[in-house]
Amino acid sequence: MKGKDIQTDLRERKIIKVPTIHELERVHNTPENLEKAYKELQDALGEEWVSNDFNITLAYARDQSVIPMNHPDIVALPGSTDDVISIMRIANKYKIDVMPYGSGLNTLGLTIPPYGGILCDTRRMDQIFEIDEENMFCTIGPGVTFAQLQTETLKRKLRLINPSTSANAMVISNLCMGNISTLCNKYGLGLDHIIGYKVVLPDGNLMVCGPKAYGADNAHVPGPGPDVRAFIRGSLGTMGIITEMTIRLYPDPDVVELVVPICDEEDWGIIAPALKAICQRNIVIENAYFQNTYMGIFLGESNLESSRLIPALPRHYVVPVTGGYSEEEVNIKGEICKQDILAVSPKFEFMPWETVEEMSAGRLVGIDKFTKFFRESVRVQRVKGSFFVGFGMDHLEGLTELNKAMMKAMSTQVGTDENVFSADLIATYFQPYDQGRVGFIEFDIFIDQTNPEDMLRTIMGTVAAQGVSFKMGSRPCFGVWPLLEGAGPVHDYIGLLYPAAGNYADVFRDMKMIYDPNNICNRRWDYETMRMKKAAL
Amino acid sequence: MEKRLTRKREKLTDYRDDYWACGKCKMCQSIHVQKMSSARFSYNCPCGTRYRFESYYAAGMMEIARGLTNFEFEPTPKTAEIIYSCNLCGLCQEMCYPLKTMHTTKIIQLLREKAVEEGWGPLEAHQPMLASTRDNDNALGLPSGFKEKAVKPLKLKDLTKEKAENLLFIGCAYAAGGEMQKRLESIVNILKAADIDFGVLGNAEPCCRSFNLMLGDRDGFEERAFENMELFESTGASTLITACPHCLQVLKDEYENYMNMKVIHITELIAKQLKEKKLQFTSEVKLKAAYHDPCMLGRWCEIYNQPRRALNALPGFELVEFERNLENSWCCGAGGGVKAADPDLSAWTAAERMTEARAVGAEAVVTACPHCEAQFAEAKDLPVYDLYELMAKAMGEGAK
Amino acid sequence: MNRELLNEFVEIAGKENVRTDPGALEGYFKEKPTDIRLVLVTPEDQEMLSEVAALAYEKDIPMYTHRRGYLDKELAKVEGLLIDLKKIDKIIRVDQSNLLAFVQYGVTFERLKEELDRVNMRMLMPAAATSPSIVRSYLDRDIIIANGATRPYQISTFHAILPDGRIWMSGTDAYTEDGMIEFREDIGPMYSYFFHASEDIYGMPYAAKVFIYKRWEDRKVTSYGFDSAEKAMRTAYLASRHDQVFECVVANSVYLAVLLSDSPGDAEKLASELSPWNVVFGFDMHPDLVRIWDKQTGEMAAENGGKPASEELSKRMEEKFEWPWYISDRDYYRGGTKIIDYYTFANKAPTLFAETTSKASAYEIGQLAIPVYYGGAFYCESDIYCGKDDQEAENLRVEIFRELLDKGVHVNRPTGDIAKIVYERLDPENIRMIKNLKKVIDPKGLLNRDQLVEGV
């Protein structure tokens, strides 16, 4: 048996690509500094929790996006706030970039370190410190997933905002970034659920905000004074690493019911009025619009099962989940929803929940937890590798038009006629916010990342669709600026096009420079040139 | 004569689409969310949970497979260390396959085959097991003739000379003597009590070579596979019964489709006999214990209910379920060659299971795998029982 | 301020909007200042405001905005501008479809209410307002009567003029045309939220898109009397947690009596008729739901020993829910009102209320609690009804506040002496963050210097 000496026994192998060279002339992350930092990190965190081995770094170099791969130079697994402080201090001392990492579960390559450095994987910090059942909040570490926290809160008749992403996403990073959830319309999103947190700032200092910043009770409301919590929402890890967060929880209703409004006509005009009617009434806990593809993905327990289900499902779904204190209350709410929808969109019919249950009836999708865990069957898991998203925001009526235009642009790009995507391939999702005042559209194309042709045409299509979305006035949200800052024309012309946005960008830059003097925390653009060296997106 | 292979050889690159398309969705890193009962026991992957770097989870190992086959790096001792830290418990694939149709565990196994083929695997610590298999046809370091020694006092039919309907494949672990001899006696007594016509091969019984397969030594596994099949078929028995989940997995997955015999696990037989009232338990077994699903019996061979049926039939026995049970069962830590390669990880994994047993209020743990039992016994925590031992006890006088 | 510079301001804003005469300024001070150097500027629109700010910034002139109530007379001596935005007062748009009203700073609750009444809509009213300006009240995170079932922020986006005259638009307004999107989140870290409860140290908010609401088919207000704060709080907590009510108010008899009367005599009489503690629920929804909510909350109240109060009380409260509750409106009772307001948990509030009552036993105390976030916490207010300018009562207020802070209450928007105590205790990095943003936006430190906390 071979294997005594691995290196000498290796057969000759042609290494064609070592994708670990990040910058031509490294000012940050120089080899000698990396070596010193590595040793100090080992001393601070323990040898076990720091690695610069290629076998370890390569697992952080790719995600489900199509962003080109990049290895971090070092992976560090902090176990406490003190560990994170050590990482930041060492990184500052040696000018090593730090990339905060929650679960890495995103579709934009946000945790792929563009120039290497230290990847700070917080999954060891998975403590649920406290769940206050009576006063409805909890305090957790950054390594806690929605699945874990929801499991614990449901035991206590509480629930958290579960976003429409994998249940394995980390709660804290999601609250700081996207947090698109079917509960958003009623309860708000992102910052609305954060009571306070501890954050290790890029300069290595620890900041506490929220009531605990002066030893007060976690009494839910922001303050004292200026809402400092907002510093972290939308910063995409460029402004520090949260090590503890207190999150608001919501009552899990005693009775829940779902009557699903459906419509099988290709009429997109009926959706916004129906959604708006329910949103403004605000008597449902969750709601959203799903195209049949989404519904099939939610209900099917596997890809195959979903593909089988989707074509058989009606085209449009408005999904109001009604909850209440008593059976009678919930029934009344359901009836009011029906009346409200029919008053504005008479084409809708109503599918009883039992029918939905029969359709799913799988081993994996327990219908009782359908709305409480977005997991297995969500699109993230559906695709072979990745999915492309067109997204935007507008008032609800605007979303319908936006969807049509994006679909057309995408179809044209991929060489088909308008609206001829197979139902299996494309899906639209509208998420209303703030009682129907505004909505978010997500427009997904499910692609096979292993098929280059599929990839290419979808990339082209997505660019076209996103362009149309912009042209129509829709804009992204959820903190994309940290990704766009330094990106050539966007950077230069933002102030010219929108003076207020230019002023915002100035503040953004100045604050970044104050708090991250060495530009180490998720470095994407250089202070000297105000430019990205490589596109982060 | 044309050499029969147990199954078509697969290459790592056959699964390129799988490991290339892994989106790091993290499904391979926790148990099924709808089966989750607590955050504490939500993790599923022993090596990943212990070491926490992404590379120790299936998602990271998919990257290693991708990087290696994309010629991005040379394998190093660390590569081998990582891929041999996996217990091959199959829970990652149990999560991933139903939805994304990815064969994560299979890929890790093929990574090991690649390692062996290219000479950078298995690890030094595995060499004694392979040497023992070569020299004495068992991976446990037992001297030759141990099977004869175990079987002789039981006075069973020798199917190299006699005929019986069923061939009991004892497996190396149950023939290892010492405490295991009692388990073997229990198994034999159960079969006798259930009025099953069976015999054994004695010293002629070969090793199933499950270890070779797990370590990626497919050549070593296949070396004797054909002869073994010939031997089994030559007994004229219609069914091959085994009590060892590791043997069962090999015999079922690798042999059954290529020979004229049915392979079953003893609990399948017991469950049937219980249902038909051909087997009855009369003596009380006063115990509140959690049943640990062995990975090979549960996820690999999908036998979950039969052992439970048997346990529920024991008078006085109170079955407690682990939070992570059935498809979501946490591994004992012994499998996949980890016990030899990384004893600390292996012991940690077992201790984690024991903590879980305490958390669900169990006073003891029952399992149906000799390797799991030994592993838990070493943890020196709660008492550990073998399923057959309890059954034999419940049969009371009938067992004699 | 020299004449030349003054003239430049006059040129920008017009003579009528740039005032130096004591008559125009004295009204802003409780005590008549002796030495007035401050110049009052009342811009009429945002362009004027922007130009005024730009000039002041260029010339290093300190600027103070009039935010609420009276100013400290010391401020009058500063050679700077007192900017009052009350004349920027247009209702730009009421978007019934998207439930937003685009209003400028000078628009009062009363004015918008009038407008909304015409289209059968409403906005949410504050329970302890210090300014009639909707923009001010909402930006300051004033407690809203219906906060149990709605979020505290009732603003989608707001627009402000920065100290140097540049424009700041929060949320998507910064990068879309007006009327598009109108979503409250910034494009990156949400620095706009720093403007809330900031005493205008970052910018002068001149307009906002505020949330408005439909009026539904049925409206009902119910009230229950309790013999203890514990039972009343428990009832309010349950009703909020189970999402049964739109408005929810827990109050002692004195508070309600003072709120609902307009003369001390009437208030005293009413207080003697009311139960010691009262819970008032407001419903606004479909009749079927109102019926079931009324039934269920009634059962919750009964389980906690609550007895239905007079219909008259419910009727008067229904009327009261339609209007903002100003703290100054309670001065009629004994001449002055000192308020102690904070947030705490439902199960903690009764004890804290009792401690305040006993500490201030020399005074009559009105006490109010309003749930926020479905009962996750309660806004708690103790009003000390005292004589006008009662320094003893003021000292007592500060002392009680200090003790309450020791017990962990959360003060959402501290001002004056209380701000000093709170910010002294605040995490220094948190303070540094507030200061750093100030440095970035207002490097000269000209806008509302020392108004939030000394040195900022």
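The values are calculated or read from the model by the stated rules, or taken from the named source; none is laboratory data. Just so you know, these numbers come straight off a predicted model, no measurement behind them. Cβ sites come from the backbone with ideal geometry, for glycine too, and all protein chains shown count toward neighbours. Note: accessible area is taken over every heavy atom of the protein model, side chains too, but ligands, DNA and RNA are not part of it. Shrake-Rupley method; radii C 1.70, N 1.55, O 1.52, S 1.80 Å.
Of everything in the stretch A:104-130, what is surrounded by fewer than 24 Cβ atoms within 10 Å (Cβ to Cβ) and not in a loop (DSSP other than H, G, I, E, B)? Give them in sequence order.
A:Arg124, A:Ile128, A:Phe129, A:Glu130
Any idea which of C:Val258, C:Val249 is away from chain A (no Cβ under 14 Å), open to solvent by less than 10 Å² (accessible area, probe 1.4 Å) and not in a helix (DSSP H, G or I)?
On inspection, the qualifying residue turns out to be C:Val249.
Is it the case, given these coordinates, that A:Tyr101 is farther than 25 Å from A:Ile140 by Cα and either hydroxyl-bearing (Ser, Thr, Tyr) or modelled with pLDDT of 95 or more (or both)?
no
Considering only the stretch B:78-144, give the helices (runs of 4 or more DSSP H) lying wholly within it that have at least 2 residues that are closer than 26 Å to A:Asn168 by Cβ and free of Cβ contacts under 8 Å to residues at least 40 places away in the same chain.
B:91-100
Testing A:Ile270 on (1) touching a strand residue (DSSP E or B) at 6+ places or on another chain (Cβ under 9 Å); (2) open to solvent by less than 10 Å² (accessible area, probe 1.4 Å), one condition comes back false. Which one is that?
Status for A:Ile270: all satisfied but (2).
Which of the numbered conditions does C:Pro43 fail, given that it passes all the others? Conditions: (1) at pLDDT below 95; (2) crowded, with 16+ Cβ neighbours inside 10 Å.
(1)
This table checks each residue for (1) farther than 20 Å from B:Trp330 by Cβ; (2) out of contact with any helix residue (DSSP H, G or I) (no Cβ under 6 Å at 6 or more places or on another chain); (3) more than 7 Å from chain A (Cβ to nearest Cβ); (4) open to solvent by 10 Å² or more (accessible area, probe 1.4 Å).
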| residue | (1), (2), (3), (4) |
| --- | --- |
| B:Asp17 | yes, yes, no, yes |
| B:Ala21 | yes, yes, no, no |
| B:Lys24 | yes, no, no, no |
| B:Ile31 | no, no, yes, no |
| B:Lys35 | no, no, yes, yes |
| B:Ala39 | no, no, no, yes |
| B:Asn44 | no, no, yes, no |
| B:Gly60 | no, no, no, no |
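Can you give me the number of residues within the stretch A:36-71 that are open to solvent by less than 20 Å² (accessible area, probe 1.4 Å) and away from chain B (no Cβ under 11 Å)?
4
Tell me which residues, restricted to the stretch C:176-194, are in contact with a strand residue (DSSP E or B) (Cβ under 6 Å, 6 or more places away or on another chain) and open to solvent by 10 Å² or more (accessible area, probe 1.4 Å).
At the first step, the residues of the stretch C:176-194 found to be in contact with a strand residue (DSSP E or B) (Cβ under 6 Å, 6 or more places away or on another chain) are C:176, C:181-184.
Within the stretch C:176-194, just C:Thr176 meets the criteria.
If you go through the stretch C:266-285 one residue at a time, do you hit one that is assigned to a helix (DSSP H, G or I), of a type in the set (S, T, N, Q) and open to solvent by less than 30 Å² (accessible area, probe 1.4 Å)?
no
Applying the selection to the stretch A:188-221, what residues are part of a loop (DSSP other than H, G, I, E, B), open to solvent by 10 Å² or more (accessible area, probe 1.4 Å) and at the interface with chain C (Cβ under 7 Å from one of its Cβ atoms)?
Passing the criteria: A:Asn205, A:Gly215, A:Asp217.
Is it the case, given these coordinates, that A:Gly225 is without any contact (Cβ under 8 Å) to a residue 12 or more places away in the chain, assigned to a loop (DSSP other than H, G, I, E, B) and touching an Asp or Glu at 6+ places or on another chain (Cβ under 9 Å)?
yes
Counting just the residues of the stretch A:276-318 that are part of a helix (DSSP H, G or I) and in contact with a Phe, Trp or Tyr (Cβ under 6 Å, 6 or more places away or on another chain), which one comes out farthest from A:Lys333 (Cα to Cα)?
A:Tyr294
When you scan the stretch B:300-326, how many residues do you find that are within 21 Å of B:Thr242 (Cα to Cα) and of a type in the set (S, T, N, Q)?
The total comes to 2.
Looking at the stretch C:406-420, I want the residues that are more than 18 Å from A:Cys209 (Cα to Cα) and have a partner that is open to solvent by 10 Å² or more (accessible area, probe 1.4 Å) with Cβ atoms under 6 Å, at least 6 apart or on another chain. Which pairs are those?
Matching pairs, first to second residue: C:Asp417/C:Val398.
For the stretch C:317-409, which fully contained strands (runs of 3 or more DSSP E) count at least 2 residues that are away from chain A (no Cβ under 14 Å), open to solvent by less than 30 Å² (accessible area, probe 1.4 Å) and within 25 Å of C:Gln244 (Cβ to Cβ)?
The qualifying strands (runs of 3 or more DSSP E) are C:364-372.
Name every residue in the stretch A:307-337 that is at the interface with another protein chain (Cβ under 9 Å from one of its Cβ atoms) and open to solvent by less than 10 Å² (accessible area, probe 1.4 Å), in order of residue number. Please lay out each step first, then the result.
Here is the first cut: in the stretch A:307-337, the residues at the interface with another protein chain (Cβ under 9 Å from one of its Cβ atoms) are A:323-326, A:328-329, A:332-333, A:335-336.
Answer for the stretch A:307-337, where residues must be at the interface with another protein chain (Cβ under 9 Å from one of its Cβ atoms) and open to solvent by less than 10 Å² (accessible area, probe 1.4 Å): A:Gly323, A:Gly324, A:Glu329, A:Lys333, A:Ile336.
Does B:Arg50 satisfy the condition of being in contact with a Ser or Thr (Cβ under 8 Å, 6 or more places away or on another chain), modelled with pLDDT under 90 and more than 7 Å from every other protein chain (Cβ to nearest Cβ)?
Against the criterion (in contact with a Ser or Thr (Cβ under 8 Å, 6 or more places away or on another chain), modelled with pLDDT under 90 and more than 7 Å from every other protein chain (Cβ to nearest Cβ)), B:Arg50 does not qualify.
Identify all residues within the stretch C:325-347 that are touching a residue at least 60 places away in the same chain (Cβ under 8 Å), out of contact with any Cys (no Cβ under 9 Å at 6 or more places or on another chain) and over 19 Å from C:Ser137 (Cβ atoms); write none if there are none.
Within the stretch C:325-347, C:Tyr332, C:Tyr333, C:Ala346, C:Asn347 meet the criteria.
For every residue, the table says whether it meets (1) of a type in the set (Gly, Ala, Ser); (2) out of contact with any helix residue (DSSP H, G or I) (no Cβ under 9 Å at 6 or more places or on another chain); (3) over 26 Å from A:Asn70 (Cβ atoms).
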residue: A:Tyr433; (1), (2), (3): no, no, yes
residue: A:Leu456; (1), (2), (3): no, yes, no
residue: A:Val480; (1), (2), (3): no, yes, no
residue: A:Gly495; (1), (2), (3): yes, no, yes
residue: A:Ala501; (1), (2), (3): yes, no, yes
residue: A:Tyr515; (1), (2), (3): no, no, no
residue: A:Met532; (1), (2), (3): no, no, no
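In the stretch B:280-302, is there at least one residue being in contact with a strand residue (DSSP E or B) (Cβ under 6 Å, 6 or more places away or on another chain), open to solvent by 10 Å² or more (accessible area, probe 1.4 Å) and not hydrophobic (A, V, I, L, M, F, W, C)?
yes
Going residue by residue through the stretch A:456-469, is there one that turns out to be in a loop (DSSP other than H, G, I, E, B) and within 13 Å of another protein chain (Cβ to nearest Cβ)?
no
Filtering the stretch C:170-194 down to residues that are on the phi > 0 side of the Ramachandran plot and touching a helix residue (DSSP H, G or I) at 6+ places or on another chain (Cβ under 9 Å), which residue is farthest from the other protein chains (Cβ to nearest Cβ)? Explain how you work it out, then say what you get.
Here is the first cut: in the stretch C:170-194, the residues on the phi > 0 side of the Ramachandran plot are C:171, C:179, C:181-182.
Still in the list and also touching a helix residue (DSSP H, G or I) at 6+ places or on another chain (Cβ under 9 Å): C:171, C:181-182.
Details: C:Gly171: 8, C:Ile181: 5, C:Glu182: 6 Å.
Applying the filter and picking the extreme gives C:Gly171.
For the stretch A:391-413, state whether one or more residues are modelled with pLDDT under 70, open to solvent by 20 Å² or more (accessible area, probe 1.4 Å) and away from chain B (no Cβ under 14 Å). Lay out the reasoning, then the answer.
Within the stretch A:391-413, the subset modelled with pLDDT under 70 is A:412-413.
Then drop every residue that is not open to solvent by 20 Å² or more (accessible area, probe 1.4 Å), which leaves A:412-413.
Okay, now just the ones that are also away from chain B (no Cβ under 14 Å), so A:412-413.
Yes: the stretch A:391-413 contains one or more residues that are modelled with pLDDT under 70, open to solvent by 20 Å² or more (accessible area, probe 1.4 Å) and away from chain B (no Cβ under 14 Å).
Considering only the stretch B:62-109, how many residues are hydroxyl-bearing (Ser, Thr, Tyr) and open to solvent by less than 10 Å² (accessible area, probe 1.4 Å)?
Step one: filter the stretch B:62-109 for residues hydroxyl-bearing (Ser, Thr, Tyr), giving B:69, B:76, B:79, B:84-85, B:97, B:101, B:104-105.
Within this subset, residues satisfying the condition of being open to solvent by less than 10 Å² (accessible area, probe 1.4 Å) are B:79, B:84-85, B:104-105.
Of the residues in that region, 5 qualify.
Please verify whether B:Leu240 is in contact with a Pro (Cβ under 7 Å, 6 or more places away or on another chain), under 28 Å from B:Lys106 (Cα atoms) and at pLDDT 95 or above, treating the condition exactly as stated.
Taking the combined requirement at face value, the residue does not satisfy it.
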